[in-house]
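The values are calculated or read from the model by the stated rules, or taken from the named source; none is laboratory data. Predicted, not measured: the structure shown is a model, and the values here were computed from it. Quick reminder, even Gly has a Cβ in these numbers, built from the backbone with ideal geometry, and neighbours come from all protein chains shown. These area figures cover heavy atoms from the full protein model, side chains too; ligands, DNA and RNA do not enter into them. Shrake-Rupley method; radii C 1.70, N 1.55, O 1.52, S 1.80 Å.
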Amino acid sequence: MIVEFDEAAYLAAAQASDYRKLVDLQQLLLADLLADASDPAKIFAALTETAARLFRVARVGLWLFEESRERLLCLDLFLAGRDSRDSRDSRHTTGNTMHVSEAPNFFATIRSDDLLLINDAYTDPRTSEFVRGYLPAFGIGAMLDAPLHVRRRLYGVLCIEHLGGSRRWLPWERSMASSYAEIAGVVVQQVASRSRRPTFRDLRLS
């Protein structure tokens, strides 16, 4: 019998800090995401959409460092529509870039390899570089960014963005973000398994 991934059970395990259950559910989620490993676009879209539902946010982006590590390039950015119940109002984009010169403080924080919890993106010094541009342009009020590892090396970041005002990220959401970033790292590695060193060029969706 095939057991499918249960989002409600995953949320419940995260809230209860039931890590053994989380690991079991991670395996099911990975199996679901990699069911059609021949279609990277479909895999990354499913990854960001699932994260948006789990964290109840309208924006989730999967970003990868290019080889020079001077830019982040977007593998997939999911934008939920105004009506979260209607998937037809949602969309995906890819190919966006962010250069270190645009936000050196933010890049330094990401490279520290720590989970980045921003309850108020307008007052937190780690996101001060986005106050006049990125944040108001998209209505972002809070951020939860988790480092993405491939073969034990930092390769990118999973950006979970809350629209509206500030948001106090709960301890279980912090744990779930780390857990989900592990899944994202495995997905990226599997998709690029034919490459010795996966890069954005290997994973591009064109």
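Structural remarks
- Counting 0.36 nm for each residue step from GLU102 to ASP120 and taking away their Cα separation leaves a gain of 4.5 nm.
- Cα gyration tensor shape of segment 1-67, rounded if a/c is under 1.5, else prolate or oblate by comparing a/b with b/c: oblate
- Accessible area of the chain belonging to carbon and sulfur atoms, whole % at 1.4 Å probe: 48 percent
- The distance between label points at SER112 and ARG53 comes to 3.4 nm (points 7 Å beyond Cα on the Cα→Cβ vector).
- Cα gyration tensor shape for segment 1-135, rounded if a/c is under 1.5, else prolate or oblate: prolate
- Two-site FRET efficiency, SER166 against SER193, from Cβ-Cβ distance with R₀ of 35 Å, rounded to 0.05: 0.30
- Residue-normalised accessible area of the chain, expressed per residue, 1.4 Å probe, Å²: 52 Å²
- Structure-based [θ]222 nm, the chain - -39500 (n - 2.57) summed over DSSP H runs of at least 4, per residue, nearest 500: -11500 deg cm²/dmol
- Inter-label distance, nm, simple model (7 Å from Cα along the C-beta direction), ALA12/ALA35: 2.2 nm
- Between LEU135, HIS162, TYR19, the Cα set farthest toward the positive side of the dipole of the chain (charges on each charged residue's Cβ, about the Cα centre) is that of LEU135.
- What you get for segment 1-141, charging only the Cβ of Lys and Arg (+1) and of Asp and Glu (-1), is a dipole of about 340 debye around the Cα centre.
- Cα centroid separation - segment 94-169 against segment 22-49, whole Å: 23 Å
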